[in-house]
Amino acid sequence: MNKDNILEAMQQIFRDVFDDEGLVIDNETSAEDIEDWDSLAQINLVISMEKEFKVKFSLLELANLHNVGDMADLIGQKLQQ
Amino acid sequence: MLAKSLEYPFDIPLLQKKKRAIKKELLASGKNFVSKKIAILGGSSTSEIKDMLELFLLKSGIEPIFYESEFNKYYEDVIFDGEELKKFKPDLIYLHTSYVNIMESPSLTDSAEDVEVKLMRLKEKFTSIWNKIQKDFNCIIVQNNFELPVYRSLGNLDFSHTAGLVNFVNKINIIFSQNAQQRAGFYINDINYLAARIGLEKWHDLGVWYSYKYALSYDAIPFLAHNLSNIIAAVYGLAKKCLVLDLDNTLWGGIIGDDGVQNIKIGNETALGEAHAGLQKYALDLKNRGVILAVCSKNEAENALEGFLHPDSVLTKDDFTSFKANWDPKHLNIKQIAKEINIGIDSLVFLDDNPAEREIVSSQLPEVSVPDIGNNIENFASYLDRAGYFEPISLLVDDLQRAKFYEGNNKREELESKFSDYGEFLSSLQMVAEIEHFSPVYLDRITQLTNKTNQFNLTTKRYALPEMVALSEDSNAITLYGRLTDKFGDNGLITVVAGTIREKELHIDLWLMSCRVLKRDMEFAIFDQIVSASLKKGLEKIVGYFYKTSKNGMVSKHYESLGFELINEDKDGSSTWEFKIDPCYKNKNKYIKVA
């Protein structure tokens with residue numbers, strides 16, 4: 001799975017979690033860009049991605065994420081392992 | 001149908017991902033919701049719990065309005081009179097606490113007495129919260145018990161040593177259960193069982209504790225919310241009432257029409273037979289505590305009935321209130337069952353091994369709960385049990401006998417139609433009443449009846465159990481309950497009267513009666529006792545109050561019928577009445593023998 005595929009799958013999760021089918025994300029998207037992206041939505045995003053990609057994030061990994069691109073990279077690394 | 005994800009065993013990834021869309025779908029379902037104000041007071045994070053609870057409640061027909069305490073402010077909000085909570089006026093308070101809220105856990109240096117002191121302090125903390133809630137809000141309380149902790153640093157000794165947290169949790173849980181037995185309007189959300197059921201490894205997740213202060217894993221939250229929603233639905237009378245069962249390959253193995261009664265699988269001869277008997281046993285347990293059973297089977301009626309004559313059948317045909325064995329489509333039969341028993345179609349649960357039958361029923365009658373029980377008989381009862389459809393909130397003797405009460409009523413109605421004179425009918429009932437002052441053994445039932453009676457209720461005042469206890473011990477009060485038995489059976493405790501003495505007057509604060517015994521002259525029998533108790537205390541006058549509500553119109557003329565004089569009538573229809581006690585008062589009751 002390349003980064004574009006990952007981003008595409010992530011976008012669908014964002015759309016589900018925020019219940020907004022028109023939502024578009026890119027590498028630079030962060031919590032500041034989406035009004036509803038609070039800490040509660042954050043957990044829902046993380047949990048849904050863990051399930052979608054069948055990976056598990058550690059506390060340390062989550063602490064270093066700043067935007068969607070970071071998340072996609074992290075998922076990419078984990079899928080290669 | 002996203003909302004299907006809320007049926008046990010739940011589609012958890014879908015619930016988590018699409019909770020907003022599911023909520024929209026439920027709200028758009030056109031259901032008639034009852035609105036309830038629910039305060040969630042948490043000892044850890046509660047946002048996701050609130051979101052999940054909302055979905056499960058909407059599914060049960062309750063539209064919640066929520067109040068959430070600040071993080072870990074469950075104690076402060078109640079004890080220090082949180083303004084917001086006061087303004088919110090909750091119908092129900094849920095205390096979401098867990099083992100992380102045990103502030104003083106036992107330590108290795110503690111003596112057994114030290115641990116006991118810690119235990120008592122924890123108990124005091126919670127009882128002070130519960131007392132204050134009941135005093136300030138007089139609302140329903142749902143309280144978590146404690147789940148087993150993540151670690152047991154003492155290993156297996158953690159269970160048996162007084163310094164073990166496992167030992168401590170088990171002890172505090174016993175204290176909580178004792179409290180639940182004594183306190184009215186108080187229910188335990190048994191997270192200890194729930195955590196054990198889904199497994200502690202799945203229940204605990206320190207990642208979400210350190211990051212977001214959730215005291216349970218994200219995947220455990222739907223289980224918690226579901227369990228809680230079952231209690232809340234039951235409190236508001238929305239639990240399911242009737243279990244509709246298929247026969248062939250459900251209540252017994254095999255097809256009775258083809259195989260014959262001697263060849264169906266039921267009983268201990270085979271593993272399969274034992275599994276079917278297990279399901280029958282579970283259904284019988286439900287029936288014995290007040291769940292109505294019905295049969296819906298594609299069969300010749302004669303063959304279907306024969307199955308229950310099998311010597312190893314646990315159930316008999318008399319266990320079923322409705323029995324439909326024919327070749328009509330099942331959804332039509334199920335509609336008929338609801339009509340026959342006279343309950344809403346949404347209080348039925350349908351159990352069938354055949355997915356095609358389940359499909360047609362759930363598509364034709366979406367209000368009926370149709371658990372997807374798979375096709376392995378050994379799991380059917382577990383699905384039913386874990387879905388929690390029939391959650392009971394208490395088991396009073398009267399609840400256990402409810403089916404009999406209704407049976408008795410049918411017979412009384414039959415009898416009534418045979419008499420031309422109503423007095424003659426009342427005499428023929430051979431009624432015997434027990435009318436006494438409140439006594440401890442009946443206080444639970446007295447409180448329950450007081451808080452749920454709406455129609456024959458003069459003042460509709462509600463009392464929590466502690467207030468009832470105080471009232472029963474007040475020497476300045478006259479309190480009476482009445483039980484009524486007749487030739488068809490025991491009606492149980494069905495009427496309550498309480499009044500306070502001021503000067504030479506008795507002021508009747510409470511007078512109510514179950515509609516089960518309307519028009520039996522029980523109100524006369526108890527009034528005679530009120531008068532005689534008043535005379536003994538040297539009272540001269542009885543003052544009665546009628547507070548009008550939307551439901552108690554039937555008693556607006558109650559005091560008039562007893563010979564009271566109207567003193568005052570408000571614009572809203574409420575009224576005050578007086579009765580001067582004649583020392584030579586003649587009893588009004590003619591048909592009931594007072595034991």
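In terms of its alpha-carbon gyration tensor, region B:175-283 comes out prolate; a/c meets the 1.5 threshold, and the first ratio a/b outweighs b/c.
If each DSSP helix of 4+ residues adds -39,500 (n - 2.57) and the sum is divided by the residues in chain B, what number results at 222 nm, nearest 500 deg cm²/dmol?
-12000 deg cm²/dmol
Going toward the positive end of the dipole of region B:403-594, with +1 on Lys and Arg Cβ and -1 on Asp and Glu Cβ, which of B:PHE524, B:SER514, B:SER428 do you reach last? Of the candidates, B:SER428 comes out farthest on the positive side. The Kirkwood radius of region B:548-595, taken over pairs of alpha-carbon atoms, gives through the Stokes-Einstein law at 20 °C and 1.002 mPa s a diffusion coefficient of 166 µm² s⁻¹. With neighbours defined as other Cβ atoms within 10 Å of a residue's Cβ, the residues B:TYR442, B:TYR422 order from fewest to most as B:TYR422, B:TYR442. Taking the charge dipole of region B:242-387 about its Cα centre, with +1 at Lys and Arg Cβ atoms and -1 at Asp and Glu Cβ atoms, the residue from B:GLY307, B:ILE373, B:ALA387 reaching farthest to the positive side is B:ALA387.
Would region B:2-235 count as rounded, prolate or oblate if I go by the C-alpha gyration tensor, calling it rounded below 1.5 in a/c and otherwise prolate when a/b exceeds b/c, oblate otherwise? Before the final figure, lay out the partial values.
Values: a/c = 2.13, a/b = 1.40, b/c = 1.52.
Oblate, because a/c is 1.5 or more while a/b does not exceed b/c.
Among B:LYS59, B:LYS571, the order by Cβ neighbours within 10 angstrom, fewest to most, reads B:LYS571, B:LYS59. The Rg/Rh ratio of region B:471-530, with Rg taken over Cα atoms and Rh as the Kirkwood radius over Cα pairs, comes to 1.03. Every Cα-Cα pair in region B:242-387 was counted, and those over 24 Å apart are 23% of them. Over all directions, the projected convex hull of the C-alpha atoms in chain B averages 32.8 nm² in area.
To the nearest 10 degrees, how steep is helix A:39-53 against the longest Cα principal axis of chain A, on a 0 to 90 scale? Value to nearest ten degrees: 40.
Kirkwood Rh and Cα-based Rg: tell me the resulting Rg over Rh for chain A, rounded to two decimals.
Working: Rg = 11.6 Å, Rh = 12.7 Å.
When Rh is taken as the Kirkwood radius, the ratio is 0.92.
Using only alpha-carbon positions, what ratio does the radius of gyration of the protein assembly as shown give when scaled by 2.2 N^0.38 Å?
1.13
Rounded to the nearest Hz, the phi-derived 3J(HN,Hα) couplings of region B:300-307 under the Karplus curve 6.51 cos²θ - 1.76 cosθ + 1.60 (θ = phi - 60°) are 6, 3, 4, 5, 4, 5, 4, x, where x marks glycine and proline. Site pair B:SER35 and B:ASN170 shows an inter-label distance of 4.8 nm when each label is modelled 7 Å from Cα along Cα→Cβ. Averaged over the residues of B:7-19, the number of partner chain Cβ atoms lying within 10 Å of the residue Cβ comes to 3. Other protein chain C-beta atoms within 10 Å of residue C-beta, averaged over B:45-57: 1.
Evaluating 6.51 cos²θ - 1.76 cosθ + 1.60 at θ = phi - 60° for every residue in region B:569-585, the Karplus couplings come out as 9, 7, 4, 7, x, 6, 8, 10, 9, 10, 9, 7, 7, 7, x, 9, 3 Hz, glycine and proline recorded as x.
Percent of Cα pairs in region B:100-229 per distance bin of 10 Å, from zero to the largest separation: 12, 38, 37, 13, 0.
Relative to the longest principal axis of the Cα atoms of chain A, the long axis of helix A:3-17 lies at roughly 40 degrees. Dividing the radius of gyration of the alpha carbons in region B:403-594 by their Kirkwood radius gives 0.96 for Rg/Rh. Other protein chain C-beta atoms within 10 Å of residue C-beta, averaged over A:14-26: 2.
So for chain B, averaging the separation of alpha carbon pairs under 8 Å that are six or more residues apart and normalising by length, what relative contact order in percent results?
9 percent.
Sorting B:CYS584, B:CYS296, B:CYS242 by the number of Cβ atoms found within 10 Å of their own Cβ, with the fewest placed first, yields B:CYS584, B:CYS242, B:CYS296. The charge dipole of chain B, taken about the Cα centre with unit charges on the Cβ atoms of Lys, Arg (+1) and Asp, Glu (-1), comes to about 1380 debye, rounded to the nearest 20. Between the amide H of B:TYR67 and those of B:ILE38, B:ALA39, B:ILE40, distances stay under 5 Å, these residues lying 5 or more places away or on another chain, with hydrogens modeled in the peptide plane.
We did not get these values from a lab; they are worked out from the coordinates using the rules stated. Keep in mind the model is a prediction, meaning the values are calculated, not measured. Cβ sites come from the backbone with ideal geometry, for glycine too, and all protein chains shown count toward neighbours.
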